[in-house]
Structure formats: C-alpha cells, structure tokens
Amino acid sequence: MADLSLAQVFFVVIFIVIFLLLALILKPQSIKIPIRNRHVFITGGSSGIGLALAHLAASEGARVSILARNVDRLQEARDSIRLSTGNDVAVFPADVRDPDAVLRAIEEAGPVDVLICNQGVFVPRELEKQELEEVKFMIDVNLMGTFHLIKAALPGMKNRKSREPASIAIISSQAGQVGIYGYTAYSASKFGLRGLAEALQQEVIAHNILVSLIFPPDTDTPGFEQETKMRPQLTGIIAASSGTVKADEVAKKTLNGIKSGSFIVPCNFDGLLLAIATAGLSPQRSVLMALCEVFAAGPTRFIGLCIQWGWYRSIKRWYAQNNYNLTCRCSSILHGTHNQLNYLLYNCANLLLSSHFCCVH
Ligand SMILES: NC(=O)C1=CN([C@@H]2O[C@H](COP(=O)(O)OP(=O)(O)OC[C@H]3O[C@@H](n4cnc5c(N)ncnc54)[C@H](OP(=O)(O)O)[C@@H]3O)[C@@H](O)[C@H]2O)C=CC1
Ligand SMILES: CCCCCCCCCCCCCCCC(=O)[C@@H](N)CO
C-alpha cells in the first residue's frame, strides 16, 4: 500500500514537472485573431466547406471575398450569403493554377487579414488506374494553387495597417495525416501542405501571422457527393473509420481554430486522436493539448496500429473475395447466375482485371 502511494506521488510529481516545463516553453498567451471587420479571403468559397465558411465569416461581420473558377456558382453563393446574412461578399473568378490570375484577384480584393486556402479537387483511384494527368491535376490545384495564393497574399499581409495578428489557414484532410487506399495523389498533395504550413509558420511568425492547418474527415459537400459515386470501395471502407461530418461543423471548427491561432485543427473526435498520433514536431500553442500529446503518444500509437491491422485485414479480405468472385463470375457468365450478373454490373471497375483473370484460368 505504501509502495503504491509512493508510486502515485512519483507520478503526480512527474506530471506536474512536465506540465510546468511545457507551460514554460510554450509561454501560453491567449491568442485572439478577430474576424469582425477584417478581410477574410476564402478560395473554393462557392461550394461545400468554403461556402459554409463564407456564410459563417460573413455572419460574424467579416468582409468576405470568395474565389473559384465558375462565375455562376460564385454569384449563386453571393446571393445566398446576402439572403441569409444581409452582407455582401466580393467574388473573384480565377483558377488557382494560374499564378497571374491569383495575383490579380488578390490585388483587386485588397490586403487580406485571414487567407483561407480551401480550394481542392479529389479524384480517388488506385495509382495503377490513375492517369498522370489526374495526379498532376490534384497536385496543381491542391498544392501549387496554395503556393500561388500565399505568394500573392503575403506582401499585403505583412504590410497590413492593423496590429492584430493575421492568419493563413490551409484546408488539408485526414488523408493528409495518414495515407489512404485510393488517395495516393490526393494524400501526397495534402501531406505536402503540412510541410508548407510547418515551414511557413517559422517564416511568418515575426510578422505576427499565425498558420492553421485543418484536417477534416469525409464531409458532406457537393464535391464529396460526386466523389462517393466513383471512389474505390476500399477507400470508402477505410475512410469510414472516421465517419462523415457536416460542412457547417467543419466551418465552425475551422473558424474557431483560426481565431485561437491553433496550428493543427482537428474536426471530430477521431481527428483529435489522429492529431495526437501524428503530432510530430508541429507547433502546439495549448499547454493542455501538449500535455495530452506527451502522455497519450504511446497509447495512440497502439490504437493506430490496431486500426492499421483492421485496414490491412479489410484490404486482404476484399482482394481475396473479389478474386474469388471473379473466378465465379467467369463461370457465372457461362451458367447465367443472376447474383453474379448483378455483381458484374455493380463492380464494373473490376471488369478489366476479371477478363485478365479469366484468360489466365
Ligand atoms: N468533402 C470532403 O469529404 C473533404 C474535403 N476536404 C477538403 O476541403 C476542401 C473543400 O472541399 P469540398 O467543400 O468538399 O469541395 P467542393 O468540390 O464542394 O468545392 C470545391 C471548391 O473549390 C473550387 N475550386 C476547385 N478547383 C479550383 C481551382 N482550380 N481554382 C479555384 N477554385 C477551385 C470549386 O469551385 P469551381 O469548381 O467553380 O472552381 C469549389 O468552390 C478541399 O480542399 C478538400 O480537399 C478535406 C477533407 C474531406
Ligand atoms: C490513432 C487514432 C486514429 C483514429 C482514426 C483515424 C481514421 C482515419 C480515417 C481517414 C479518413 C480520410 C478521409 C479523407 C476525406 C477526404 O479528404 C475526401 N473525402 C476527399 O474530399
């Protein structure tokens, strides 16, 4: 009994020492980045998460600008925001892949206080089946587009008149924290954003600019609706480990993360665990979160390994099942089995593979 309480005392002391040490090195100061009356520039603001962010920022009294390619959808967004908040937003039709167009839009919009790089495209497919054009498309829009935006906005942000801190927020994805089947190119583009954000934070901190990196799980948006129609079954199975959230929820988490100057912004409970498991050497401004990261690192690694085990088991099963079905399908075509015909229609992506399989056998 005495031993136990000694151990308990020891643990409490260690805990307090680490807490004090963390408090000392993180120098907690409550960072507040105001939104009201500030210029918030949101890319991809005509749909999904970006549109939800534009609504929210406008309703909180920000001066909002949105950028996307399609003019009609931009105008629709402007009308819907005016209707629900009474506030006007400025719209900028441009493709983030064109650095000159991005520069022109940002110059026209005026100095930015909060830049939200949210534009993104996702074409989920196994790399073997993906055209290099599609790979380049995702890297160009998601990663290079963000470089173009930050390069264009940074001079104005650094020379801003207001002494309030400014913010650069980048919308990544949980697929930017862990590689997911079917997302080789998408994950690469989103992991790239993390390197950009970590390095950039060191370069802009002297100008009182805080970088935030947001990691949403599957989110109910027009883009996601399209995606679900075509993504490989296994991508859906693995992504389901983290559930689906509403765009408004992601917008709320994002804006709160920006306002409090958080570097890593998770959007649901699994996202919180994932953030702890992948904390790496990212900045952390909350002592409480830092404490969680220090003490939960081991346990979350354990949970992570269990989850990986489940994922690889699903992959193994899926392939085994499909190869099995494919062999059956060959005979089912011969015998005209109804079930297998359904399977044929449902999973047409496997047709090529199956014909190969049939030939071999
Ligand atoms: N929905 C989800 O499940 C998740 C999404 N995310 C990320 O969140 C962000 C928003 O996604 P979501 O709301 O679902 O997407 P949507 O497809 O609903 O909207 C995408 C927005 O980006 C704009 N956009 C696309 N390409 C370009 C381009 N080349 N130049 C300028 N604007 C462009 C679109 O407008 P237009 O086509 O007119 O250019 C649109 O406004 C993306 O970065 C995505 O990767 C992260 C995790 C999960
Ligand atoms: C250690 C604890 C781990 C906790 C569980 C982790 C689960 C990770 C699931 C990753 C899901 C990826 C969704 C990508 C969404 C996206 O970006 C696409 N919809 C494209 O828009």
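A short reminder: the numbers here are calculations on the coordinates, not readings from a lab. It should be emphasised that the depicted structure is a prediction, and the values quoted were computed from it without experimental measurement. In this analysis, Cβ positions are derived from the backbone assuming ideal geometry, glycine residues included, and neighbour counts consider all displayed protein chains.
Past the 27 angstrom mark, what percentage of all C-alpha to C-alpha distances in the chain do you count?
Looking at the chain, the distances longer than 27 Å represent 54 percent of pairs.
For Ala297 and Asp88, compute 0.36 nm times the residue count separating them, minus their Cα-Cα distance, and round to one decimal in nm.
Going from the current span to full extension adds 70.7 nm.
Work through the residues other than Leu132 whose Cβ is under 13 Å from its Cβ and net out their charges, Lys, Arg +1 and Asp, Glu -1.
Charge balance near Leu132 sits at -2.
Return the loop-located trypsin sites (Lys or Arg not before Pro) in the stretch 107-216 (DSSP other than H, G, I, E, B) with at most 14 other Cβ atoms within 10 Å of their own Cβ; answer none if there are none.
Within the stretch 107-216, the qualifying trypsin sites (Lys or Arg not before Pro) (loop, at most 14 other Cβ atoms within 10 Å) are Lys161, Arg163.
Sort Met144, Met230, Met138, Met289 by Cβ crowding within 10 Å, fewest neighbours at the top.
Lowest to highest Cβ neighbour count: Met230, Met144, Met289, Met138.
Starting from the Cα gyration tensor of the stretch 167-281, multiply each eigenvalue by 5, take the square root, and state the resulting semi-axes largest first in whole Å.
Taking √(5λ) for each eigenvalue gives 25, 15, 12 Å, largest first.
Counting other Cβ atoms within 10 Å, keep those with at most 12, restrict to DSSP loop, and tell me which GluC sites (Glu not before Pro) in the stretch 108-168 are left. Display every interim value, and only then the final one.
On the way: sites: Glu108, Glu126, Glu128, Glu131, Glu133, Glu134; in loops: Glu126, Glu131.
Filter output for the stretch 108-168: Glu131.
Amide H to amide H, which residues 5 or more places from Glu60 or on other chains are under 5 Å from it, using H placed in the peptide plane?
So Glu60 has HN proximity to no qualifying residue.
Pulled fully out, how much extra length does the chain show between Gln75 and Gln202, if you take 0.36 nm times their separation in residues and subtract their Cα-Cα distance?
Result: 42.0 nm gained on full extension.
What is the extension gain from Leu132 to Lys252, computed as 0.36 nm multiplied by their sequence separation minus the C-alpha to C-alpha distance, in nm to one decimal?
Result for the pair: 39.7 nm of gain on full extension.
If the cut-off is a Cα-Cα distance under 16 Å, which aspartates and glutamates reach Lys252, setting aside same-chain residues fewer than 8 apart in sequence?
Cα-Cα hits under 16 Å: Glu60, Asp218, Asp220.
Hey, what D do you get for the stretch 31-180 in µm²/s if you plug the Kirkwood alpha-carbon radius into Stokes-Einstein at 4 °C and 1.567 mPa s?
Details: Rh = 15.9 Å.
For the chosen part, D equals 81 µm²/s.
Using 7 Å Cα-to-Cβ label points, what is the Leu281/Asp95 separation (nm, one decimal)?
3.8
Could you list Phe215, Phe92, Phe15, Phe10 so that the one with the fewest beta carbons within 10 Å of its beta carbon is first and the one with the most is last?
Final ranking by Cβ density, sparse to dense: Phe10, Phe15, Phe92, Phe215.
Could you tell me which helices of the chain pass both thresholds, a Cα extent of 24 Å or more along their own axis and a mean Kyte-Doolittle hydropathy of at least -0.5, with helices taken as whole DSSP H runs? Let's see the in-between values first.
Values: long enough: 2-26 (36 Å, 2.81); 184-204 (30 Å, -0.06); 287-335 (66 Å, 0.22).
Those that clear 24 Å and a mean of -0.5 are 2-26, 184-204, 287-335.
Which whole-Hz ³J(HN,Hα) couplings does the stretch 261-268 yield from phi under the Karplus relation 6.51 cos²θ - 1.76 cosθ + 1.60, θ = phi - 60°, glycine and proline marked x?
Each residue of the stretch 261-268 in turn: x, 6, 6, 8, 10, x, 10, 8 Hz.
Which of Ile25, Ile264 comes first, and how do the rest follow, when ranked by fewest Cβ neighbours within 10 Å?
Placing the least packed residue first, the sequence is Ile25, Ile264.
When the Cα atoms of the stretch 1-105 are enclosed in a convex hull and the volume is divided per residue, what value in Å³ results? Spell out each step's value before the answer.
Details: hull volume 19.7 nm³, N = 105.
About 188 Å³ per residue, rounded to a whole number.
I need the phi-derived Karplus couplings for the stretch 164-179: 6.51 cos²θ - 1.76 cosθ + 1.60, θ = phi - 60°, integer Hz, Gly and Pro marked x.
Residue by residue, the stretch 164-179 yields 5, x, 10, 9, 10, 10, 10, 8, 9, 5, 4, 6, x, 10, 9, x Hz.
So what are the radius of gyration and Dmax for the Cα set of the stretch 1-60, in Å?
22.9, 65
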